[in-house]
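Quick notes on the structure that follows.
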Amino acid sequence: MRMTLSQKILAHKAGLDTVTAGQLITAKLDLVLGNDITSPVAIRQLEKAGNRSVFDKDKVALVMDHFAPNKDIQSATQCKQCRDFALREGITHFYDVGRMGIEHALLPEQGLVTAGDLVIGADSHTCTYGALGAFSTGVGSTDMAYGMATGTAWFKVPSAIRVVLEGRLAPHVCGKDVILHLIGNIGVAGALYRSLEFVGDGCRTLDIDDRFTVCNMAIEAGAKNGIFAYDEVTAAYLIGRQKRPAVPFYADDDAIYEQTIHIDLSTLRPTVAFPHLPENTHTVDEIGEIPVDQVVIGSCTNGHISDLRAAAEVLRGRKVAKGVRAIVIPATNEIYLQAVREGLIEAFIEAGAVVSTPTCGPCLGGHMGILAEGEKCVATTNRNFVGRMGHTSSEIYLASPYIAACSAVLGKIGSIEEV
Amino acid sequence: MTGKVHKYGDNIDTDVIIPARYLNTSDAGVLASHCLEDLDPTFVSKVNKGDFLVAGKNFGCGSSREHAPLAIKSAGVCCVLAESFARIFFRNAINIGLPIVECKQAADDAIDGDNLQIDLKSGKIHNPRLGKTYGIPPYPAEIRQIIERGGLLGTL
């Protein structure tokens, strides 16, 4: 049948034996996601369409994470709209302050997504769940509204780029470096409209958090989705967590790919994306003296427990350089608690960093770390567009938690070798 | 559709189309008043109803905020012409009934201030300054249906 992994899932959910790239299909959804910015628009659309109810109260997830805890009255109003809607509709998976986390870390953690699922979310980083062998992709509020009402969405079946990973990453090189290297290679439109399918023996050496990071930033290459096939790493993560059984799909042996890219993981160096596009990558060895004003460690890209462990490994027993503001944001309350139990939070505070409740906050220039004119920030987040974190003349350098923590200690962008 | 061209470059992202600091509202008028503010602070004052936004590749990359096409539409832009679109922006524009057209040559050739004619029905773009006409492939039937019903919710 010559289908890619992504196409196999789409065909199954559309009730078709086979699909081909470019075909328009309507498929059944396992989960529809929205946050406090995108959901109010969708909710209003459902109201306008005659107060349509949700198709399944167990298959809608609303997560108050972007401007929560609320930064101003308008943000509070938007969260209230979501809260009222969730109550009215009896939405099972409504996550508010105290139970919430950054959506793309929270949903997998709570077992709401599993292998073989088809998920849409009104947030571009919904592609994160490809790490679990799910087809998941970001959409807008109107698609979310339609999905909530009908349990379906229209898709143009994507073609795919196959990314063959070989070898094993060196110490202090991680999933962030893999995806930044790839985006640097193919560009921010390099995978436009297509799937990024990660295959090869090197996949087995990437833990689930690394896979989340890699799939999370598939959108930064323009991709529709990023995906790893279900294997023992996926199984180990899902066991005892998933709410329904995993349904593994695999690409056909003779699947058609538009392009194949090989990456030898053992050759990768820590990588930094310079302003103002994620494709402006340099290895840490090519970087001169770049002083930093702020460091952010967190986000849906790198707020996982392994990211906090990496940051703590660097910061424990060291001090954040004078003049640098270091902000650490665990992605979920469960990760936060785990970090407390492991002593990571103590290490951050003793080093002179601050630790925030889970929020998307500074990543999109919302709150909790906005940049002033001309300031430079090393962030483990996902975008470094003009004005993304504050003033249009501020600069964002995207990097791994290791590089971010090292930069906090050094007061300039640097690596573990320099600390 | 006939209107004036406002020309920008490649990779125009949704953060510059409508910065996140304004996402604490989805009021179309408010969003329109900040449209493209971080890229061109003069845009809102010079755009007129029925004008075209013309850009290079990967227009609308970045976040899924539907506030971006909504801000553009509400600012008066009747159609976006680009070499290519980021896929979520493409969906969002279709879903809210903002016409968008992919045509590399026409987008490349147009300059700021050009008067352009775009006819979606006949699939033609005309640039009177150059005396050039460009063909554009029609949307698939399913997408045409969404546009004709004023957006995706019209098909519910």
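Filtering segment A:142-149 for residues that are in a helix (DSSP H, G or I), without any contact (Cβ under 8 Å) to a residue 40 or more places away in the chain and either within 22 Å of the chain's Cα centre (by Cα) or under 23 Å from A:Ala246 (Cα atoms) (or both) leaves a non-empty set. In the set A:Ala27, A:Ala76, A:Ala11, only one residue is touching an Asp or Glu at 6+ places or on another chain (Cβ under 8 Å) and not polar (S, T, N, Q); that residue is A:Ala11. Do we find that B:Phe89 is surrounded by 24 or more Cβ atoms within 10 Å (Cβ to Cβ), within 23 Å of A:Ala122 (Cα to Cα) and free of Cβ contacts under 8 Å to residues at least 40 places away in the same chain in this structure? No: the conditions fail for B:Phe89. Can you find even one residue in segment A:12-25 that is within 14 Å of chain B (Cβ to nearest Cβ), open to solvent by 30 Å² or more (accessible area, probe 1.4 Å) and in contact with a strand residue (DSSP E or B) (Cβ under 7 Å, 6 or more places away or on another chain)? Yes.
Under the condition of being surrounded by fewer than 24 Cβ atoms within 10 Å (Cβ to Cβ) and in contact with a Pro (Cβ under 9 Å, 6 or more places away or on another chain), the residues counted in segment A:116-145 number 1.
Of the residues making up segment A:361-374, those that are crowded, with 19+ Cβ neighbours inside 10 Å, in contact with a strand residue (DSSP E or B) (Cβ under 8 Å, 6 or more places away or on another chain) and outside any strand (DSSP E or B) are A:Pro362, A:Cys363, A:Gly365, A:Met368, A:Gly369. Considering the conditions (1) closer than 15 Å to A:Val139 by Cα; (2) more than 13 Å from chain B (Cβ to nearest Cβ); (3) not charged (D, E, K, R), A:Ala42 is excluded by exactly one of them, (2). If you check A:Asp307, A:Asp285 for being crowded, with 17+ Cβ neighbours inside 10 Å, of a type in the set (Asp, Glu) and out of contact with any Phe, Trp or Tyr (no Cβ under 6 Å at 6 or more places or on another chain), only one passes: A:Asp307. Comparison of A:Val340, A:Val378 shows that the only residue that is among the β-branched types (Val, Ile, Thr) and open to solvent by 10 Å² or more (accessible area, probe 1.4 Å) is A:Val340.
Only a single item in (1) under 14 Å from the mean Cα position of the chain (by Cα); (2) at the interface with chain A (Cβ under 9 Å from one of its Cβ atoms); (3) open to solvent by less than 20 Å² (accessible area, probe 1.4 Å) is not met by B:Gly151, and it is number (1). Of all the numbered requirements in (1) open to solvent by less than 10 Å² (accessible area, probe 1.4 Å); (2) within 12 Å of another protein chain (Cβ to nearest Cβ); (3) among the aliphatic types (A, V, I, L, M), B:Ala28 misses one, and that requirement is (1).
With respect to A:Asp231, determine if the residue is under 21 Å from the mean Cα position of the chain (by Cα), open to solvent by 20 Å² or more (accessible area, probe 1.4 Å), of a type in the set (Asp, Glu) and under 24 Å from A:Thr4 (Cβ atoms). Here the answer is yes, as A:Asp231 does meet what is asked.
The values are calculated or read from the model by the stated rules, or taken from the named source; none is laboratory data. None of these values were measured; they are calculated from a predicted model. Please note: Cβ atoms are built from the backbone with ideal geometry, for glycine as well, and neighbour counts cover all protein chains shown. Protein only, heavy atoms only, side chains kept; ligands, DNA and RNA dropped before computing areas. Shrake-Rupley method; radii C 1.70, N 1.55, O 1.52, S 1.80 Å.
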